[in-house]
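First up is the structure itself, then whatever we jot down about it.
The values are calculated or read from the model by the stated rules, or taken from the named source; none is laboratory data. Predicted model only: the values in this text are computed from it and were never measured. Note that each Cβ is placed from the backbone with ideal geometry, even for glycine, and that neighbours are counted across all protein chains shown.
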Amino acid sequence: MDFYLVGPIFIFSYLENKLYKTGMTPLFVFLFPLTIAIVLAELLDDSLNLQEYKILIFNISLIWFSLGVLMRLAFFLFPIKQKKIEIKNFPKIFSYIQVLVLIPLLITTIKAIFLLGIANIKGKGGGIFAHIYILFSTFYLIPFYMKKKKFKKGYFIMTIMVLLLHPKYETFLFLLPLFLYQTYKSKKIFKLKVFIVSLSIVLLMFIIFFLTYYLNFKINKLDYQFSDFLTFIVEHIQHYFLSPVYIGEYLLKYENFGNPEVAIAPFLNIINLIQGEKNYIDITLPFINYLGVSSNVGGLIPELIYSIGRSGMYIFIIILAFYSYILENLLLRNEVWIFTSLILKASLFLCFFNNVFSLLGYVERILGTMFITIFIILYEKYNYKKSSRHIK
């Protein structure tokens with residue numbers, strides 16, 4: 001194990017945790033999963049040459065840590081004034097938002113079942129209701145803040161539907177914020193409880209993979225021995241989570257070979273949609289076979305270098321760091337920013353796998369949650385001024 005790769009990540013994360021006290025900090029959720037994937041890949045396959053990849057990670061960790069410290073100092077010296085909304089006293093508007101999460105999900109799922117059949121529904125939900133669900137989906141965590149049983153029943157229904165009927169990335173975006181919220185409550189990442197919760201999440205993800213493919217095998221009436229099926233699941237998980245490391249090493253050799261528009265594809269595709277054009281940017285990488293591994297995902301850093309080069313990658317990463325740490329500092333001032341923070345951190349966590357910021361669904365969630373949060377802050381400010389006038 002390379003200490004110069006793992007060591008700085010742990011040291012910077014520990015210091016950031018002391019500085020921010022928001023559980024898992026942006027640097028940790030962004031680079032720790034990638035570091036673990038690289039360490040595991042090297043242990044399992046000595047044919048990999050990841051020296052360049054590891055140097056890039058070290059450089060990025062240094063940049064993010066430095067920006068995190070500078071942003072904390074800036075917010076300390078120039079604090080932003082905003083009405084503080086305590087998480088335990090969330091306004092009634094959140095009850096209505098909860099409905100805007102559950103109802104569109106139900107409509108989208110039922111519509112897909114009727115049109116395609118339950119065997120073909122996975123990942124096929126679409127339309128206006130699907131986008132409404134995406135915009136408000138981050139707020140599914142409201143029951144855990146408000147501690148109301150009737151809302152938790154709604155959460156249980158959504159969980160079953162998402163796990164069984166929707167794509168795997170939907171599942172991760174459903175579970176990761178919940179896990180990150182637990183670390184936010186504890187304010188620490190280096191403690192036994194967080195370690196146990198982390199292991200539980202890993203086990204839960206294994207169960208999700210198991211059930212997803214088990215149901216698929218059953219629905220398609222495939223013959224198999226259970227032991228063979230279990231072997232298939234273990235090998236598939238290993239391939240699924242480590243293939244981005246292999247493809248990432250390959251992509252680092254081909255700087256600027258890809259389409260540079262992919263880096264900002266969600267914004268360009270939205271512009272095309274508004275203008276009525278349907279020539280959307282194809283963000284899918286071709287399948288690459290490298291060292292016996294075939295995949296079309298290579299992780300955020302290599303995919304950016306492949307499409308916009310090293311300089312472009314560093315610019316993208318710095319902008320992402322600024323946004324992440326601005327949000328982290330806003331969260332310290334006002335807990336209403338917890339929703340945007342959690343969905344951003346969940347997206348950063350998944351960057352070891354591919355460039356999630358080239359996918360509209362992720363960007364739609366992050367920016368949508370941010371604008372809804374701003375609306376809630378303004379709504380509360382308006383109500384406060386209105387009630388103050390009545391008192392006078």
Report summary line: Scanning the stretch 277-311 residue by residue, those of a type in the set (Lys, Arg) and either within 18 Å of the chain's Cα centre (by Cα) or at pLDDT 90 or above (or both) turn out to be Arg310
Query raised in the report: Quick one: what pairs do we get from the stretch 367-392, first residue within 24 Å of Ile270 (Cβ to Cβ) and surrounded by 13 or more Cβ atoms within 10 Å (Cβ to Cβ), second at pLDDT 90 or above and of a type in the set (S, T, N, Q), C-beta under 6 Å, 6+ apart or different chains?
Result: Thr369/Thr340; Met370/Thr340; Thr373/Thr340
Report summary line: In the stretch 49-74, anything over 24 Å from the mean Cα position of the chain (by Cα) and crowded, with 18+ Cβ neighbours inside 10 Å is listed as Leu50
Query - Test: Gly361 is within 30 Å of Ser243 (Cβ to Cβ), modelled with pLDDT under 90, of a type in the set (Gly, Ala, Ser) and assigned to a helix (DSSP H, G or I) - result: yes
Report task. Name the single residue, out of those in the stretch 76-108 being over 25 Å from the mean Cα position of the chain (by Cα), part of a helix (DSSP H, G or I) and modelled with pLDDT of 70 or more, that is farthest from Phe10 (Cα to Cα). Result -> Leu77
Query - Test for Thr35: is it of a type outside the set (A, V, I, L, M, F, W, C), in a helix (DSSP H, G or I) and touching a Leu at 6+ places or on another chain (Cβ under 9 Å) - result: yes
**Report entry** Condition check for Ser66: outside any loop (DSSP other than H, G, I, E, B) and farther than 27 Å from Tyr181 by Cβ
**Finding:** yes
Report task. Among the residues of the stretch 237-257, count how many are of a type in the set (Val, Ile, Thr) and exposed (fewer than 14 other Cβ atoms within 10 Å of the Cβ). Result -> 0
Requested in this report: Please list, ordered by first then second residue, the pairs with beta carbon atoms under 9 Å, 6 or more apart or interchain, first in the stretch 269-283 and under 17 Å from Tyr362 (Cα atoms), second part of a loop (DSSP other than H, G, I, E, B) and modelled with pLDDT of 80 or more.
Outcome: Asn269/Tyr280; Asn269/Ile281; Asn269/Ile283; Ile281/Asn259; Asp282/Asn259; Ile283/Asn259; Ile283/Asn355; Ile283/Leu359
Report summary line: Subset of the stretch 282-312, residues in a helix (DSSP H, G or I), over 15 Å from Asn354 (Cβ atoms) and hydroxyl-bearing (Ser, Thr, Tyr), comes to Ser311
Report summary line: Scanning the stretch 203-256 for residues that are charged (D, E, K, R) and in a loop (DSSP other than H, G, I, E, B) gives Lys221, Asp223, Lys253, Glu255
Query raised in the report: What residue, of Ile319, Ile315, Ile326, Ile343, is buried (at least 23 other Cβ atoms within 10 Å of the Cβ) and part of a helix (DSSP H, G or I)?
Result: Ile343
Query raised in the report: Among (1) aliphatic (A, V, I, L, M); (2) surrounded by fewer than 14 Cβ atoms within 10 Å (Cβ to Cβ); (3) not in a helix (DSSP H, G or I), where does Leu273 come up short?
Result: (3)
Requested in this report: Would you mind stating whether Val29 is assigned to a helix (DSSP H, G or I), within 29 Å of Thr373 (Cβ to Cβ), in contact with a helix residue (DSSP H, G or I) (Cβ under 9 Å, 6 or more places away or on another chain) and among the aliphatic types (A, V, I, L, M)?
Outcome: yes
